[in-house]
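For reference, the structure I am asking about is given below.
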Amino acid sequence: MPAIQSKHLFDAAKISYFRQLYVVEGGTHNDTWRVGGETYKERLFKFMNESKVIMNKIREFNKKMQETTRAAELNSAPPINIEL
């Protein structure tokens with residue numbers, strides 16, 4: 001995609017945890033990886049690793065929130081009376 005479209009997407013993703021813009025001068029849609037060389041590859045792998053770490057933290061947070069919500073629901077539920 002042209003760099004200007006990448007810039008528009010970057011600007012639109014204001015609240016994204018993963019928001020990064022890296023433009024390879026002279027690169028096109030099909031050869032950015034080649035023109036960018038090792039720097040491109042290093043930045044790509046760094047981005048992927050950071051994204052993985054952030055996603056794992058988000059998953060941990062969500063799991064704790066679900067556990068907390070479940071515990072609160074169990075504690076606030078009315079007692080069940082069973083007559084024999």
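Please determine, by comparing only the residues of the stretch 8-39 that are of a type in the set (Lys, Arg) and either in a loop (DSSP other than H, G, I, E, B) or at pLDDT below 90 (or both), which one is farthest from the chain's Cα centre (by Cα). Working first, answer last.
Of the residues in the stretch 8-39, the ones of a type in the set (Lys, Arg) are 14, 19, 34.
Within this subset, residues satisfying the condition of being either in a loop (DSSP other than H, G, I, E, B) or at pLDDT below 90 (or both) are 14, 19.
Working: Lys14: 13, Arg19: 9 Å.
Among those residues, the one meeting the criterion is Lys14.
For the condition exposed (fewer than 11 other Cβ atoms within 10 Å of the Cβ), polar (S, T, N, Q) and at pLDDT 85 or above, what is the one hit in Asn81, Asn62, Asn75?
On the way: Asn81 fails: at pLDDT 85 or above; Asn75 fails: at pLDDT 85 or above.
Answer to the selection: Asn62.
How do the pairs read when you match residues in the stretch 16-43 that are within 14 Å of Gln5 (Cα to Cα) with residues anywhere that are of a type in the set (A, V, I, L, M) and modelled with pLDDT under 90, using Cβ under 7 Å and keeping only pairs 6 or more apart or on different chains?
Between residues of the stretch 16-43 that are within 14 Å of Gln5 (Cα to Cα) and residues that are of a type in the set (A, V, I, L, M) and modelled with pLDDT under 90, the close pairs are Val23/Ala3; His29/Met1.
The values are calculated or read from the model by the stated rules, or taken from the named source; none is laboratory data. Because the structure is predicted, anything quoted here is derived from the model rather than measured. Virtual Cβ from ideal backbone geometry, glycine too; neighbours counted across all protein chains shown.
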